Structures are given as structure tokens and as C-alpha cells.
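Worksheet: one structure, shown below.
Any read-out appearing in this document is the output of simple, stated calculations on the displayed coordinates, not a laboratory observation. Because the structure is a prediction, the values reported are computed rather than measured. Here the Cβ positions follow ideal geometry from the backbone for every residue, glycine too, while neighbour counts run over all protein chains shown.
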Amino acid sequence: MLIVAALLLFLTGIAHSYLGERYILIRLFKRDNLPQLFGGTDFTTSTLRFVWHLLTVVWWGIAILVLQASGQQLQSRSVLEMFSAIAFVSGMFPFFLTRGRHLSWVVFFAVSALLWVAAPGG
């Protein structure tokens, strides 16, 4: 059951990113009434895009933890390291997609470092 659940989470992530990009985000970004932050709509579209795909990253991280639980290999270190990795990837999205203008990357990188260091044996 856990393997099927993990597979469903992984596939849901793929579907969410692909279908959301194709049928929601691209159509949304063609509108002419998006908020113009920092002088244009680039910041707005980049922020919406990274937040949309961030959910996929989180689902994939949870899927990996569920797989580890299915093999009874789930330990607090694994959980903290996975959430550290998720936080790191979460920081990469705004850092690159908004060229660092969306400052959430600072918090995500801090969380990532703290979780990694706090993991037992880390």
C-alpha cells in the first residue's frame, strides 16, 4: 500500500507540474492584467511559477519518505535530511527564477542548513 501511495504522489507531482504549466500558468501569463511588481510582470510570473512547481517538489519528497517507511528504514535522520533537501530545492526556485528578488530563498536556505546540521549524525 505504501509503495502504491508513493507512486501516486510521484505521478501526481508530474501531472500537477505538466498540466498546470500547460493549461493554467501559460494561459494565466497571457493575460494583460497581472500585477506589475518591481517594474513589470516578470517577478509576478516567476513567483507564481515557482510556487506552483514547489508543490511537486514537496510531494516527491513525501513520496521518498513513504517509500522509506515501506521498507521500515524511516528514521528521524532520513526525515530531517529529506526536508532539508526539500527546503534547499525550494530556495533554488526563487533564487534563480526571480533572480533572488523574492527573498524566500534566504529562509529556505536557512531552514535547509538548520535541518541538515540538526539531523542526528549530521
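Over all pairs of different C-alpha atoms, the chain has a mean inverse distance whose reciprocal, the Kirkwood radius, equals 15.8 Å.
Using helices alone, what [θ] at 222 nm do you get for the chain, with -39,500 (n - 2.57) per DSSP H run of 4 or more residues, divided over all residues and rounded to the nearest 500?
Calculated mean residue ellipticity at 222 nm is -24500 deg cm²/dmol.
Here the contact order of the chain, divided by its residue count and restricted to Cα pairs under 8 Å and six or more residues apart, works out to 27 percent.
Taking a ≥ b ≥ c as the square roots of the eigenvalues of the alpha carbon gyration tensor, the stretch 56-121 is oblate, as a/c is not under 1.5 and a/b does not beat b/c.
Working ranking of peptides 7-15, 50-58 by packing, defined as the average number of other Cβ atoms within 10 Å per residue, highest first, is 50-58, 7-15. Amide H contacts of L37: F43, T44, each under 5 Å away and 5 or more positions distant or on a separate chain (H built 1.01 Å from N in the peptide plane; Pro and chain starts excluded). Between the helical axis of 104-118 and the longest alpha-carbon principal axis of the chain there is an angle of about 10 degrees. Figure legend: label point modelled 7 angstrom from the Cα of D42 along Cα→Cβ; residues of the stretch 79-122 with amide N under 12 Å from it are 97-101.
Okay, which of the stretch 18-35 sit inside 17 Å, backbone N to the point 7 Å along the Cα-Cβ direction of F96? Taking a point 7 Å out along Cα→Cβ of F96, the residues of the stretch 18-35 whose backbone N falls under 17 Å are 18. A protection proxy built from the mean count of other Cβ atoms within 10 Å ranks the segments 70-77, 85-92, most packed first, as 85-92, 70-77. Can you tell me the 0 to 90 degree angle between the C-alpha axis of helix 2-20 and the longest principal axis of the chain, rounded to 10? Between the helix axis and the principal axis of the chain, the angle is about 10 degrees.
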